[in-house]
Each structure stands twice: as structure tokens, then as C-alpha cells.
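Data first, discussion second: the structure below is written as C-alpha cells.
The values are calculated or read from the model by the stated rules, or taken from the named source; none is laboratory data. All figures in this text were calculated on a predicted structure; none of them were measured in a lab. Note: ideal-geometry Cβ built from the backbone for every residue, glycine included; neighbour counts use all protein chains shown.
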């Protein structure tokens, strides 16, 4: 699975021009149909309809799904919605309060928070390194009482640094940026390395 731009026309053009590479062997990916249509929950109750593009690598013969950065693998909610929940939790609220604020099921939010907490130290480390690489004079986020809040702060700081370097990044939310930077693995198992 590859996380790509939200602009499906741009992604299709990149695919047709051979500008998308296989993560396994580096060969140019070729079009290979589409995945099943799916719906994800967006901000303020919006419904986003996606039909992920499927590709095939002519080098290693592996198929890959191209997933828009607005969504994360195996999640029914948009990256922006999940990110908002993580930011609320970073303020010290539990899953019930976060779920109530977002109007979502408690079990869904509890799953996000548990998954993110399992990855929080790796995510904090990854985005702190990204911040140092992107900023001319990096300002490190202040330490917080929780690793979850530290990770959220590191993502925000790295996004600010990327936006200062590349102003077009202001059109990409910090959670779409985070998902794209680490291949959508924001909420995956801690056993998968970043």
C-alpha cells in the first residue's frame, strides 16, 4: 500500500508517466484496475467516497493499492478526524470524552488511542528527526506528561517546519502529512518499523 496525494487526477497522471515507484524493488508502477469503493467519515459528518487505484509492479509482479492521504489503512475515518481525536486526547481527555466530542463510538476512539499509544514513542522520535531535518533553526516542542501528547506535538512541529520550507504544505493537514510521511502507519502495530 502506498499513500499518495488526494488529487486523483494528479496521481493518475503520475502513474501513467511512470513517476510512482514500487516500494519493494523501485520499478515504475503500472495501472492495474481499482479496489472496491469505500466510504470514510470526514470532518463534521461528511462522507468521503474513495475508489483506491490498484497498481502492479512489472519488476517484482506485486500489486499495490494507492490510498489517498486523506485516509489511513484499515480505518473508516479520515486522517483529519482521527488526528482531531488524538489532539483532544493529548489534552488529557479519555476515550469517552473524545468520542463524545467527535460524535463517534467509544470503541472506535479507544482503538485509535490504544494503537497510537503503542506507536507514540516511535512517532515522536521520527517526527523530531524530521523537524531537525526540515527547520533551519528547529524549536523542539516542550515535554508533556504523556508520550501520546509528546508524539502529537512532534507531528505538529514537523508539519510547521515543512510548511515553512514548502508553503504548499499549508494545504495539507498535519495528519495527512503524518500519514504520508510514514506510509499510513500512524495507527498500525508497533511491530511494524517506521
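Would you mind telling me which numbered condition in (1) assigned by TED's automatic domain parsing to the domain that holds residue 154; (2) touching a helix residue (DSSP H, G or I) at 6+ places or on another chain (Cβ under 7 Å) residue 100 fails?
Only one criterion in (1) assigned by TED's automatic domain parsing to the domain that holds residue 154; (2) touching a helix residue (DSSP H, G or I) at 6+ places or on another chain (Cβ under 7 Å) is unmet by residue 100, namely (2).
Go through the stretch 42-57 and count every residue that is exposed (fewer than 14 other Cβ atoms within 10 Å of the Cβ) and outside any helix (DSSP H, G or I).
4
Only one of 150, 136 is within 19 Å of the chain's Cα centre (by Cα) and not assigned by TED's automatic domain parsing to the domain that holds residue 43. Can you tell me which?
Step by step, each of 150, 136 is checked, and only 150 is within 19 Å of the chain's Cα centre (by Cα) and not assigned by TED's automatic domain parsing to the domain that holds residue 43.
Residue-wise test of (1) without any contact (Cβ under 8 Å) to a residue 24 or more places away in the chain; (2) buried (at least 17 other Cβ atoms within 10 Å of the Cβ); (3) outside any loop (DSSP other than H, G, I, E, B).
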| residue | (1), (2), (3) |
| --- | --- |
| 88 | yes, yes, yes |
| 155 | no, yes, yes |
| 162 | no, yes, yes |
| 180 | no, yes, yes |
| 187 | no, yes, no |
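Among the residues of the stretch 117-138, what is the count of those that are out of contact with any helix residue (DSSP H, G or I) (no Cβ under 6 Å at 6 or more places or on another chain), within 21 Å of residue 157 (Cβ to Cβ) and assigned to a helix (DSSP H, G or I)?
Of all residues in the stretch 117-138, those out of contact with any helix residue (DSSP H, G or I) (no Cβ under 6 Å at 6 or more places or on another chain) come to 118-119, 122, 125-126, 129, 132-133, 136-137.
Next cut, within 21 Å of residue 157 (Cβ to Cβ) only: 119, 122, 125-126, 129, 132-133, 136-137.
From the residues that got through so far, the ones that are assigned to a helix (DSSP H, G or I) too are 119, 122, 125-126, 129, 132-133.
Residues meeting the conditions: 7.
Does the stretch 45-62 contain any residue that is in contact with a helix residue (DSSP H, G or I) (Cβ under 6 Å, 6 or more places away or on another chain) and modelled with pLDDT of 95 or more?
no
Looking only at the stretch 58-86, which residues are assigned to a helix (DSSP H, G or I) and more than 20 Å from residue 4 (Cα to Cα)?
84, 85, 86
Going by what's in this entry, would residue 128 be described as surrounded by 13 or more Cβ atoms within 10 Å (Cβ to Cβ) and within 20 Å of residue 162 (Cβ to Cβ)?
It is true that residue 128 is surrounded by 13 or more Cβ atoms within 10 Å (Cβ to Cβ) and within 20 Å of residue 162 (Cβ to Cβ).
Return a yes/no flag: does the stretch 99-116 have any residue that is in a helix (DSSP H, G or I), in contact with a strand residue (DSSP E or B) (Cβ under 7 Å, 6 or more places away or on another chain) and either surrounded by fewer than 16 Cβ atoms within 10 Å (Cβ to Cβ) or at pLDDT 95 or above (or both).
No, the stretch 99-116 contains no residue that is in a helix (DSSP H, G or I), in contact with a strand residue (DSSP E or B) (Cβ under 7 Å, 6 or more places away or on another chain) and either surrounded by fewer than 16 Cβ atoms within 10 Å (Cβ to Cβ) or at pLDDT 95 or above (or both).
Restricting the first residue to the stretch 1-12 and requiring it to be surrounded by 16 or more Cβ atoms within 10 Å (Cβ to Cβ), which pairs with a second residue that is part of a helix (DSSP H, G or I) meet a Cβ separation below 6 Å and a spacing of at least six or different chains?
Here the result reads 3/179; 3/180; 4/11; 5/11, each pair linking the stretch 1-12 to a residue that is part of a helix (DSSP H, G or I).
When the stretch 30-41 is examined, which residues are found to be free of Cβ contacts under 8 Å to residues at least 60 places away in the same chain and in a strand (DSSP E or B)?
30, 31, 32, 33, 34, 38, 39, 40
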